[in-house]
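To start, the structure itself, in structure tokens.
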Amino acid sequence: MMEDLKGKAVRGGFVTILGQAAKVMLRMGSLILLARILTPKEFGLVGMVTAITGVLEIMKDAGLSAVTVQRARITNEEISTLFWVNILVGLILGVLTLAIAPVLVIFYHEPRLLWVTMALASGFLFNAAGVQHTALLQRRLRFFALAITEIISLAVSISVGIGMAIGDCGYWSLVGMAVAQPAAYAACVWLATRWIPGKPQRNIGMRSMLKFGGTVTLNTFIVYIAYNIEKVLLGRFWGAEALGTYGRAYQLITFPTGLLNSAVGTVAFPALSRLQDDPPRFKNYFLKGYSLVLAMTIPITLACALFADDIILVLLGPQWNNSIIIFRLLAPTVLIFALINPLGWLLFSTGRVGRSLKIALVLAPLVIVAYVTGLPYGPRGVAFAFSAMMTLWFVPHIAWAIHGTSISLRDIFRTASRPFLAGIATGALSYGMRLLYGQLLSPFLRLVLGGGIMLVLYLWILLYIMGQKSFYYDIFLRLKMRSSVDDKEMERG
């Protein structure tokens, strides 16, 4: 089974990235349409609720999906028990959401939030119903099924949202999207796995599993607070329109890289979990995955920095002009997240969830202090302060995460150096060319031409000047290879 793990991981990663690319196109299409139908205030109104309910949403699986994927061996009885624990958690979170609805009305001074919050509460049960089925698909390395499931559920959600928006439902179209997606996703993963949970069991070692899952959940909770409390602060002190302006810029700039990290992480976490007792192979796999994420993220970072005005005008329209400077100020975080987020694969796959939690406990207050410092200056001040803090933080973060592992700081910087240098050279050349033709073209043509030139330059420098051609050629060969291992045997793993 282990001999073809690399091929399985590469092909799985390719399928997942293609799936994420399809999701990017779907989300971008829906974002473009909805941004032209709905107003910033309507986006901000729903954002006031999701900034709070998102805190509860990260607890939807109680970290128990990670237990199912990370464990070397797990029984059907254990998975069934975890399923019913997830259902219980989903019910509790739904009830809590109903309970906080009146509190949000008072906090934001906005009575419309009562029914919005109550409607969003139903999503927690749908989310809980699909947690273990998703984990089983990951554990079995069935990434094609996962990709198709995500695309179908997203398409259903977008169809509901756009249909409601065209029907003049206003902000309720965003609520409809938020509820339809987990409902469709749960139905799809049940059909894909064909697994029916049994009765919950006692005395099957649940304490250790709940401890692992609880630590993962607490870590995710703290990180979520760190990266989202500024939206609560902006909504409270600057209003729905300011939050909508900031929120669209934040979503647009984090969306592609978030999907990329999710795609590679979906493959990397189960693959690395299987190699946790083989340090040389573990190191090799991790660094290659890390290099791949950076190589694909750097051109996105460059595009966000160089073409911020054109991206906002083309994708969102002129009514979102105030988002341009926010978008550009947030651009450095795209690269920083690419540098630090993959370290989660390293820590979780080796069982170092305690260290990940400690890192989060230090990061969260630093980021919150940055938000508070920038808050008097509005959305722009918050965006600048956030980017500045993350820029100062990423090196200590990396050093702490890899301490005592088979990965050294030298390995990280050597892996990052080639795509990073290729990015610097590409950015300088692309900026110079933009100065020559920039005023002669429309925003759409500037974006298409500039993006195309930048991508060609980056690939040429990375593959030939930086000598990465053989690395990506090896990946291409792996994609062509047929697996020498029976898929059914892999599924039993």
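Any read-out appearing in this document is the output of simple, stated calculations on the displayed coordinates, not a laboratory observation. Just so we're clear, the structure is a prediction, and the values are computed from it rather than from any experiment. Cβ: placed from backbone, ideal geometry, glycine included. Neighbour counts: every protein chain shown.
For a quick check: sort 96, 34, 120, 440 by the number of other beta carbons within 10 angstrom, fewest at the front.
Result, fewest neighbours first: 440, 96, 34, 120.
Over the stretch 15-110, what is the relative contact order in percent, taking alpha-carbon pairs closer than 8 angstrom and at least six residues apart?
About 31 percent, as a whole number.
Given axes a ≥ b ≥ c from the Cα gyration tensor, I'd like to know whether the stretch 247-404 is rounded (a/c under 1.5), prolate (a/b larger than b/c) or oblate.
Taking the square roots of the gyration eigenvalues as a ≥ b ≥ c, the stretch 247-404 is oblate.
Average projected area of the Cα convex hull of the stretch 221-493, in nm²?
16.5 nm²
Sort the stretch 168-237 into rounded, prolate or oblate with this rule: let a ≥ b ≥ c be the square roots of the eigenvalues of the Cα gyration tensor; rounded if a/c is under 1.5, and if a/c is not under 1.5, prolate when a/b is larger than b/c, oblate otherwise.
oblate
Exposure proxy check: 53, 266 ranked by fewest other beta carbons within 10 Å?
53, 266
Assuming R0 = 30 Å, what is the FRET efficiency of residue 444 and residue 118, from their Cβ-Cβ distance, to the nearest 0.05?
My answer for the efficiency is 0.15.
Give the residue from 227, 351, 97 lying farthest towards the positive end of the charge dipole for the chain; charges sit on Cβ (+1 for Lys and Arg, -1 for Asp and Glu) and the dipole is referred to the Cα centre.
The one lying farthest along the dipole's positive direction is 351.
So if we plug the beta-carbon distance of residue 276 and residue 471 into 1/(1 + (r/R0)^6) with R0 = 22 Å, what FRET efficiency do we get, rounded to 0.05?
0.40
Between the stretch 24-64 and the stretch 366-425, what is the C-alpha centre distance in whole Å?
25 Å
Tell me, what is the percent relative contact order of the stretch 221-493, built from C-alpha pairs under 8 Å that lie six or more residues apart?
Relative contact order of the stretch 221-493: 23 percent.
Nearest 0.05, what FRET efficiency do residue 435 and residue 21 give at R0 = 25 Å with Cβ-Cβ as r?
0.20
Pop a pseudo-label 7 angstrom from the Cα along the beta-carbon direction at both residue 391 and residue 199 and give the gap in nm to one decimal.
Output for this residue pair reads 6.1 nm.
From the residues 169, 471, 335, which one has its Cα farthest along the dipole of the chain in the positive direction, the dipole being from +1 and -1 charges on Cβ of Lys/Arg and Asp/Glu about the Cα centre?
Ranked along the dipole, the leading option is 471.
Ranking 109, 133, 403 by Cβ neighbours within 10 Å, fewest first, what do you get?
109, 403, 133
When only C-alpha pairs under 8 Å and at least 6 residues apart count, what is the relative contact order of the chain, in percent?
21 percent
For the stretch 430-473 and the stretch 173-193, what is the separation of their C-alpha centers, rounded to whole Å?
38 Å
Testing the spin-label approximation: label points 7 Å from Cα along Cα→Cβ at residue 403 and residue 368. State their distance in nm.
2.3 nm
Simple spin-label model, 7 Å along Cα-to-Cβ: residue 417 to residue 95 in nm?
That separation, rounded to one decimal, is 5.8 nm.
When the dipole is taken about the Cα centre of the chain, and only Lys, Arg (+1) and Asp, Glu (-1) are charged at their Cβ, what size is it in debye, to the nearest 20?
Value, rounded to 20: 940 debye.
Answer rounded, prolate or oblate for the stretch 328-429, using the Cα gyration tensor with square roots of eigenvalues a ≥ b ≥ c: rounded when a/c is under 1.5, else prolate when a/b is larger than b/c, else oblate.
Because a/c hits 1.5 or more and a/b fails to exceed b/c, the stretch 328-429 counts as oblate.
Provide the three semi-axes, in whole Å and in decreasing order, of the ellipsoid equivalent to the stretch 38-204 as defined by the square roots of 5 times the Cα gyration tensor eigenvalues.
32, 19, 11
In whole Å, largest first, what are the principal axis extents of the Cα atoms in the chain?
The Cα atoms of the chain stretch 63, 59, 40 Å along their principal axes.
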